[in-house]
């Protein structure tokens with residue numbers, strides 16, 4: 001089960017990412033526990049498998065419109081599908097990697113597994129572990145960080 | 001005659017990060033000679049381009065950055081390697097340095113942080 005302090009690590013990671021990479025802070029909503037089923041996701045999701053001392057996954061999920069603006073904020077002119085997928089994976093990788101500052105080196109992260117989904121579709125998250133969702137609001141867009149750790 | 005700029009090889013599995021580093025003002029004074037998406041490509045490009053300096057991601061497919069650092073240093077002992085990674089725990093930085101890296105910059109980074117990290121690396125060697 002994820003502790004409040006551990007959720008704080010991911011909240012701080014998401015805040016730090018937008019402040020530095022996009023040079024514009026994000027507003028983080030109140031984290032909540034998904035009590036039934038799997039969390040809903042946006043069009044693009046970057047899934048990081050977690051192994052070592054903890055098992056599970058961390059996922060950053062966002063709509064295409066948000067990724068487009070984020071790329072532009074990063075002075076990236078290539079807004080191709082390939083770069084959208086690259087970005088969603090990189091955000092997930094960066095926030096998960098930064099969490100090792102608190103979790104330690106035995107919080108082992110995989111390379112990103114990128115998914116594009118339609119409305120109503122879910123991700124292959126562990127079904128036996130409850131997910132915490134951290135809402136992220138940036139400019140006029142909403143994204144989520146999903147933390148699913150045993 | 002002005003000295004030739006130092007040659008930089010960029011290694012990261014993210015195309016966005018490779019492009020981000022390549023167009024950063026921090027690398028204006030360097031000549032980017034290649035960009036690799038994993039450790040295997042990096043070794044091939046190192047052989048082909050003989051870089052002076054490498055920015056190296058750690059979490060990559062095929063061959064990760066720590067293994068690649070060790071191989072590059074074995075191939076070219078005087079190569080300078082700046083690890084640029086999201087893995088922000090102290091043990092990872094220490095291990096990368098132990099394998100032969102010369103500096104560590106944590107992602108996400110600003111242009112200024114990249115500039116300072118490269119300047120520090122070059123000043124020390």
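Things to note:
- Annotation: of all residues in the range B:76-91 being over 17 Å from residue B:12 (Cα atoms) and either touching a residue at least 12 places away in the same chain (Cβ under 8 Å) or assigned to a loop (DSSP other than H, G, I, E, B) (or both), the one that is farthest from the chain's Cα centre (by Cα) is B:89.
- Residue B:59 falls short of the stated requirement of being more than 12 Å from chain A (Cβ to nearest Cβ) and either outside any helix (DSSP H, G or I) or touching a residue at least 40 places away in the same chain (Cβ under 8 Å) (or both).
- Comparison of A:125, A:71 shows that the only residue that is crowded, with 17+ Cβ neighbours inside 10 Å and modelled with pLDDT of 95 or more is A:71.
- Meets criteria (out of contact with any helix residue (DSSP H, G or I) (no Cβ under 8 Å at 6 or more places or on another chain), modelled with pLDDT of 95 or more and within 14 Å of chain A (Cβ to nearest Cβ)) for residue B:13: yes
- Looking at the range A:50-141, the strands (runs of 3 or more DSSP E) lying wholly inside it that each contain 3 or more residues that are touching a residue at least 12 places away in the same chain (Cβ under 8 Å) and more than 8 Å from chain B (Cβ to nearest Cβ) sit at A:56-62, A:113-116, A:132-138.
- Residue within the range B:83-93 that is away from chain A (no Cβ under 14 Å) and closer than 17 Å to residue B:26 by Cα present: no
- Of the residues in the range A:20-39, at least one is outside any helix (DSSP H, G or I), closer than 11 Å to residue A:145 by Cβ and out of contact with any helix residue (DSSP H, G or I) (no Cβ under 6 Å at 6 or more places or on another chain).
- Extreme residue, nearest to the other protein chains (Cβ to nearest Cβ), among residues of the range B:16-29 that are in a loop (DSSP other than H, G, I, E, B) and free of Cβ contacts under 8 Å to residues at least 60 places away in the same chain: B:23
- When B:54, B:66, B:73 are screened for being surrounded by 20 or more Cβ atoms within 10 Å (Cβ to Cβ), away from every other protein chain (no Cβ under 14 Å), in contact (Cβ under 8 Å) with a residue 24 or more places away in the chain and in contact with a helix residue (DSSP H, G or I) (Cβ under 9 Å, 6 or more places away or on another chain), only B:54 passes.
- Within the range A:36-54, considering residues that are under 17 Å from the mean Cα position of the chain (by Cα) and closer than 15 Å to residue A:111 by Cα, the one surrounded by the most Cβ atoms within 10 Å (Cβ to Cβ): A:45
The values are calculated or read from the model by the stated rules, or taken from the named source; none is laboratory data. This structure is a prediction, so every number in the text was calculated from the model and none was measured. As a convention, Cβ positions derive from the backbone with ideal geometry for all residues, glycine included, and neighbour counts pool all protein chains shown.
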